[in-house]
Amino acid sequence: MSQFLHALTLVFVFLASTNIQITATTPPSYSRNHNMFVKTACNSTTYPDKCYKSLSSYSSTIKSDPIKLCTTALKLNVNSAKEAASVISKLLKKSQISAAGRKNKMSPEKPLILRDCLEEMKDTVVELKQAITEMKTLRDGDSVSEHITNVRTWVSAALTDEGTCTDGFEEIKVSKETKKKVTKVVEELATTTSNTLALITNLSY
């Protein structure tokens, strides 16, 4: 009998340790729910995979809060806009140095179009920050729909500025390398902004 109890105890210990391992490696249900909330919201955007990839790591902070979701997306959007501005700023400085070295042999159009594009990126940063500020007023209770409209307006303006930048490169001839670098970074930013706008458009609060 004692041997049977000893064997039974060993089995119980084994099962208990196995259960602990499973529990430790399986995420809590609320964590899965938060991830699902982000994934479902991203499915309504233009680029759902990109949306989920950028926001999923923040799901524990976002939880199931639509305002936190949109605010997080906006903050990441600001970072993307700053990165785009940095890339274009470096290209502008390089272009200005090159133009100065060639003196009057080079057309000033290249530095000019880069300068205009950089201004568009700076405007984008400002507009997205304004949208974040507007988001903070949504919990105040009054005129919620009006504040949401204002947020959409700021993000829409940012998206327009990004398009204006790349449109300029279609009108003025620049080097293929410069055009490729600017187009890549701005189009990447535009996909992020498009997703942010979609999340805000679908915001229900």
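The values are calculated or read from the model by the stated rules, or taken from the named source; none is laboratory data. Everything quoted here is computed from the prediction, not taken from an experiment. Note: ideal-geometry Cβ built from the backbone for every residue, glycine included; neighbour counts use all protein chains shown.
Remark: pairs (first residue in region 119-133, in the same structural domain as residue 192 (by TED's automatic domain parsing) and within 13 Å of residue 73 (Cα to Cα); second residue assigned to a helix (DSSP H, G or I) and among the charged types (D, E, K, R); Cβ separation under 9 Å; 6+ apart in sequence or on different chains) = 128/75; 131/152; 132/75. Do we have any residue at all in region 37-46 that's crowded, with 17+ Cβ neighbours inside 10 Å, among the polar types (S, T, N, Q) and either not in a helix (DSSP H, G or I) or not assigned by TED's automatic domain parsing to the domain that holds residue 161 (or both)? Looking through region 37-46, at least one residue is crowded, with 17+ Cβ neighbours inside 10 Å, among the polar types (S, T, N, Q) and either not in a helix (DSSP H, G or I) or not assigned by TED's automatic domain parsing to the domain that holds residue 161 (or both).
Among the residues of region 165-187, those identified as surrounded by fewer than 16 Cβ atoms within 10 Å (Cβ to Cβ) and in contact (Cβ under 8 Å) with a residue 12 or more places away in the chain are 172, 173, 175, 181, 183, 187. I'm trying to understand the selection: among the residues of region 57-91, which are without any contact (Cβ under 8 Å) to a residue 60 or more places away in the chain and charged (D, E, K, R)? 63, 65, 68, 75, 82, 90, listed by residue number.
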